[in-house]
1. Just the residues that are open to solvent by 40 Å² or more (accessible area, probe 1.4 Å) and either modelled with pLDDT of 95 or more or of a type in the set (Ser, Thr, Tyr) (or both), please, taken from the stretch 67-85.
2. Kindly provide the set of residues from the stretch 240-257 that are assigned to a loop (DSSP other than H, G, I, E, B), more than 17 Å from the chain's Cα centre (by Cα) and either surrounded by 13 or more Cβ atoms within 10 Å (Cβ to Cβ) or in contact (Cβ under 8 Å) with a residue 60 or more places away in the chain (or both), ordered by number.
3. Which residues, taken from the stretch 238-256, are closer than 14 Å to Asp214 by Cα and in contact with an Asp or Glu (Cβ under 7 Å, 6 or more places away or on another chain)?
4. Give the residue, chosen from Val103, Val51, that is farther than 14 Å from Arg130 by Cα and either assigned to a strand (DSSP E or B) or of a type in the set (A, V, I, L, M, F, W, C) (or both).
5. Taking the stretch 213-224 only, how many residues are open to solvent by less than 60 Å² (accessible area, probe 1.4 Å) and out of contact with any Cys (no Cβ under 9 Å at 6 or more places or on another chain)?
6. Looking only at the stretch 165-181, which residues are buried (at least 18 other Cβ atoms within 10 Å of the Cβ) and in contact (Cβ under 8 Å) with a residue 60 or more places away in the chain?
Amino acid sequence: MSSTGHKHYHDKNYPAKRFVEVYFCDDRFPLINENMEFPMEHIHKDIDSGVVKEGTLIDFSVGATASHLIPACNVFKDIYVVEVNKVNIDEFEKWRQGKQDAVNFSYGAKFHHKLEGGREAWHLKEDKTRQAIKGVIQWDISNDDQVPVALPQADCILSLYLLHVISKDKEAFQSNLKKITSRLKIGGSLLLFSVTNMTFYEVDTQKFFVLPVDLDFIKQAVINAGFVIDKVNVLPSKKNCDLVDYDSIIHVRCRKERNV
């Protein structure tokens with residue numbers, strides 16, 4: 001799928017655990033405040049302010065990561081996680097089942113504990129999130145138009161970075177965005193986190209494909225998918241790491257106005 005010669009997220013031997021360990025576990029990754037803390041902070045704000053209402057949440061996000069779901073479980077008691085790649089599902093299920101060799105997301109739990117002002121002990125956060133997850137579903141949206149029967153209609157869709165790594169071009173990005181929001185109710189919220197002008201990420205010296213897009217494209221893609229944009233936040237990157245090459249992290253909060 002990649003024209004760059006880079007490896008791809010769809011690869012059967014995708015390094016699921018190492019990807020999460022490198023980018024989403026702790027501050028050994030120097031941009032953890034951008035790629036993980038920034039989304040967690042805005043998810044917390046969107047929920048804590050009451051802008052995003054309770055109900056059912058569907059998560060379409062990159063990798064076997066769970067930290068971004070920790071703030072969501074405060075209001076969403078029914079969370080469905082959708083993944084395109086079975087190796088990521090297998091790794092995510094290790095965490096969900098509390099296995100000893102699972103990835104440790106205590107860093108994210110402690111960060112959300114601070115965001116909440118210590119309302120709840122940090123070590124309870126992961127268990128609360130596990131209990132809220134009602135299903136982990138495989139759906140390769142880039143190759144399959146059929147919505148899984150186990151996937152309910154949702155009041156909110158949450159997506160971190162997934163569209164960039166599975167979409168081969170901008171047309172596919174738009175198509176995949178429409179697919180992931182097809183189960184969202186009219187009036188429901190989309191919390192979309194994206195990166196601008198990113199062309200690769202690296203895991204253990206192997207480079208992986210990313211589709212580069214800019215902010216204007218992301219906003220227009222959301223509008224084309226039937227949404228009204230309520231808020232956009234942009235965090236410029238410090239660019240102090242050779243593992244990635246993005247310019248900024250984008251948070252787009254929007255409401256579904258129509259089916260397309």
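The values are calculated or read from the model by the stated rules, or taken from the named source; none is laboratory data. This structure is a prediction, so every number in the text was calculated from the model and none was measured. Please note: Cβ atoms are built from the backbone with ideal geometry, for glycine as well, and neighbour counts cover all protein chains shown. We work out accessible area using only protein heavy atoms, side chains counted, and drop any ligands, DNA or RNA first. Shrake-Rupley method; radii C 1.70, N 1.55, O 1.52, S 1.80 Å.
1. Of everything in the stretch 67-85, those that are open to solvent by 40 Å² or more (accessible area, probe 1.4 Å) and either modelled with pLDDT of 95 or more or of a type in the set (Ser, Thr, Tyr) (or both) turn out to be Asp78, Tyr80.
2. Answer for the stretch 240-257, where residues must be assigned to a loop (DSSP other than H, G, I, E, B), more than 17 Å from the chain's Cα centre (by Cα) and either surrounded by 13 or more Cβ atoms within 10 Å (Cβ to Cβ) or in contact (Cβ under 8 Å) with a residue 60 or more places away in the chain (or both): Asn240, Cys241, Leu243, Asp245, Asp247, Glu257.
3. Answer for the stretch 238-256, where residues must be closer than 14 Å to Asp214 by Cα and in contact with an Asp or Glu (Cβ under 7 Å, 6 or more places away or on another chain): just Ile249.
4. Selected residue: Val51, the only one of Val103, Val51 that is farther than 14 Å from Arg130 by Cα and either assigned to a strand (DSSP E or B) or of a type in the set (A, V, I, L, M, F, W, C) (or both).
5. Qualifying residue count for the region: 5.
6. Val165, Ile166, Ile180, Thr181 - these are the residues of the stretch 165-181 that are buried (at least 18 other Cβ atoms within 10 Å of the Cβ) and in contact (Cβ under 8 Å) with a residue 60 or more places away in the chain.
This table checks each residue for (1) modelled with pLDDT of 95 or more; (2) closer than 17 Å to Ser175 by Cα.
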residue	(1), (2)
Leu211	yes, yes
Leu235	yes, no
Asn240	no, no
Val244	yes, no
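Residues checked against (1) in contact with a Lys or Arg (Cβ under 7 Å, 6 or more places away or on another chain); (2) closer than 17 Å to Ser61 by Cβ:
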position	(1), (2)
Val147	yes, no
Leu162	no, yes
Gln174	no, no
Leu177	no, yes
Val222	no, yes
Gly226	yes, no
